[in-house]
Amino acid sequence: GSLVHITFETVETLDGDIPMNEKPTNEGGWDASYLRAKLNGNFFEKQLPTDLKAVIKPVVKITAKSSKKEVRVPSVDKLFVLSEQEVFGRKIYSCGYEGKWYEWYKRENTPYGKCKQNGERDWRWERSPRSGATDGFCRVYGNGDADCYTASGSFGVSFGFCV
């Protein structure tokens, strides 16, 4: 119910690629996804430093429940991946209405793409289910273009959090 003033997003993707779901489905959306459970469970508890965990505030993220455009659900997350709309400012492959365009990505010549820790360009997941398809989620292509892919594919993860 309160405004979170600062959102951070990792500059690089995580060291290993992770699927959005273990099966090729977007049913349940981000809220029911394997990636969400992994980030907010074992990864949060065992991989983040204690001092960082202490200042991260849970936030409500609104995301489509599936490829059907009319149903959105709130998720309370400590760690999250951005939606297509938060990165690109509009609906391209997603159902839309999943947050506001982040100021960082509104800037001219801002790279939407990310790199792995070795500097290699990386594809990365967005939490938006692909509109009109039951098997995929949106992602950012290595060159920064909008894209989508089957949920069981393993790709980079650039997570966000709020303090």
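The values are calculated or read from the model by the stated rules, or taken from the named source; none is laboratory data. Computed from a predicted model, the values in this text were never measured in an experiment. Note that we place each Cβ from the backbone using ideal geometry, even for glycine, and neighbour counts take in every protein chain shown. These accessible areas exclude ligands, DNA and RNA; they are computed on the full protein's heavy atoms, side chains included. Shrake-Rupley method; radii C 1.70, N 1.55, O 1.52, S 1.80 Å.
Observations on the model:
- Approximate shape of region 35-80 as ellipsoid semi-axes (Cα gyration tensor, √5λ), whole Å, largest first: 26, 11, 5
- Note on the chain: Kirkwood hydrodynamic radius from all Cα pairs is 15.6 Å, rounded to one decimal.
- Taking all Cα pairs closer than 8 Å and separated by 6 or more residues, the relative contact order of region 1-83 comes to 28 percent.
- Per residue, the accessible area of region 7-163 comes to 50 Å², computed with a 1.4 Å probe over protein heavy atoms only.
- Taking the helices alone, the chain has a mean residue ellipticity at 222 nm of -2500 deg cm²/dmol, built from -39,500 (n - 2.57) per DSSP H run of at least 4 residues and averaged over all its residues.
- Heavy-atom accessible area ranking, 1.4 Å probe, most first, across Leu52, Leu39: Leu52, Leu39
- Flagged links, alpha-carbon separation over 32 Å, of Lys46/Lys91; Lys46/Lys114; Lys23/Lys57; Lys46/Lys106: Lys46/Lys91; Lys46/Lys106
- Label point 7 Å beyond Cα of Ile62 along Cβ direction - residues of region 79-100 with amide nitrogen under 11 Å: 97-100
- A 1.4 Å probe over all protein chains sorts Glu108, Glu120, Glu70, Glu86 by accessible area into Glu108, Glu70, Glu120, Glu86, starting with the largest.
- Annotation: amide H-H contacts under 5 Å for Gly113 (H modelled 1.01 Å from N, sequence separation of 5 or more, or interchain): Gly144.
- Taking every DSSP beta bridge that has both ends in the chain, the antiparallel portion is near 90%.
- The chain, accessible surface, carbon-and-sulfur percent (1.4 angstrom probe): 51
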